[in-house]
Amino acid sequence: MPLNKPLDEFTLNDWLEAQRALPASRFKSMKALATRADIFVPYEVRGRSGQPHVLFESPADAMQIVRIEDREALKEFDDALKAWGDAVVQALRISSAQKTGVSKENDASRRLTYSISYKVRYDKRFHKEPVAIGFRFVRHGIYLHHGAGRGEGGKVGSHWLDRLGVRKETNPASLGKAGFGKRKKQDWFNPVMDQFAPQLLDIAARYCAEMVVHSEFLYL
């Protein structure tokens with residue numbers, strides 16, 4: 001067990017080993033501690049809430065009231081954030097189509113390309129100031145990224161509900177085979193984020209110079 005190692009030195013294998021060895025509640029607390037300390041948590045162990053996203057951390061509540069009262073600046077920030085999200089979604093759709101080849105014969109690829117969307121989340125107190133933006137897409141996007149297919153699962157595995165509500169889970173015999181079979185890894189997501197992430201920093205800085213942008217959970 002890598003528990004005697006500092007969290008900021010954890011590798012992906014350390015996280016996977018901890019996930020297998022620890023009770024679920026303790027492992028969840030470990031991830032929460034890493035998040036509070038701005039330590040990267042690999043996508044493979046984030047769980048269902050691990051969709052790619054960015055968090056915006058702003059100064060204290062008193063300053064938030066001042067920012068919200070500046071309606072013009074708040075609207076400019078919100079509009080710029082949504083315009084950024086629209087541009088990223090378009091780029092992701094193009095990237096996914098290039099990696100998969102969208103056609104009438106390729107239903108899985110079509111579902112991925114047209115499922116990509118974003119959502120802006122607002123503060124819980126006033127419901128006006130953006131505090132996060134995240135991206136959503138069908139599960140096939142993760143399979144494509146890791147090169148996973150039938151009989152070729154990832155290192156951790158997962159579970160889900162099919163269209164009939166029946167619980168499904170990864171076949172244990174397929175674990176660790178993703179990327180080593182017929183389906184090769186296709187990184188359709190991260191290069192787009194590398195291209196657009198600097199723009200997000202500029203948008204946040206124009207709105208609030210003290211705003212901190214947490215992008216450690218933006219990548220697959």
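The values are calculated or read from the model by the stated rules, or taken from the named source; none is laboratory data. Just so we're clear, the structure is a prediction, and the values are computed from it rather than from any experiment. Side chains are part of the model used for accessible areas, which takes the heavy atoms of the whole protein and leaves out ligands, DNA and RNA. Shrake-Rupley method; radii C 1.70, N 1.55, O 1.52, S 1.80 Å.
General observations
- Debye intensity ratio I(q)/I(0), log10, region 8-76, q values 0.17 Å⁻¹ (C-alpha model): -0.71
- The value for region 1-41 of Rg(Cα) / (2.2 N^0.38 Å) is 1.02.
- Unsatisfied cross-links (Cα-Cα over 31 Å) in the set K31/K184; K31/K128; K5/K82: K5/K82
- Solvent exposure of T113, expressed as accessible area, is near 10 Å², computed with a probe of 1.4 Å over the protein chains only.
- Within straight-line cross-link reach of K99, aspartates and glutamates at Cα separation under 16 Å, skipping those fewer than 8 residues along the same chain: D107, D187
- Quarter of the Cα convex hull surface for region 60-101, i.e. its orientation-mean projected area (nm²): 3.7
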